[in-house]
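Peer 1: Take a look at the following structure, please.
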Amino acid sequence: MGPAQLQSLAEVPQHRRCGCGQGVRWSHLEYVRRGQSVPIYTCPGCGLAYRGAPGSGPGKPPPQSRKPLPDGGHPDNPVLDPALAKTLRELLGKD
């Protein structure tokens, strides 16, 4: 999409409602020039596209926090029954 086409798009309506009554959704970012982008919103009902304010948009998701691993060593293996686990330890010399 060129700059002229981008400027010809109407701005996102207030309350993000299209003229057909459906809500507009964020579609993608259109890059204007170095370091600048404009979000594009579309109506899922009629397909009209709108431009948002430069620099706005959905933004990046917050980083996910990592939970510390529980103390206490390796968890038990529920697949092996105790008799088979004992036999394997004996065969591998781990007992």
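Peer 1: Would you please give the residues with an amide H less than 5 Å from that of SER27, counting only those at least 5 places away or on a separate chain, with H modeled from the backbone geometry?
Peer 2: Residues meeting the amide H criterion: ILE40, TYR41, THR42.
Peer 1: Rounded to the nearest 0.05, what FRET efficiency is calculated for LEU92 and SER65 with R0 set to 30 Å and r the Cβ-Cβ distance?
Peer 2: Calculated value: 0.20.
Read-outs throughout are calculated quantities, based only on the coordinates presented, and are distinct from any laboratory measurement. On a predicted model such as this, the values are computed, not experimentally measured, just so you know. Glycine gets a Cβ as well: all are built from the backbone with ideal geometry, and neighbour counts include every protein chain shown.
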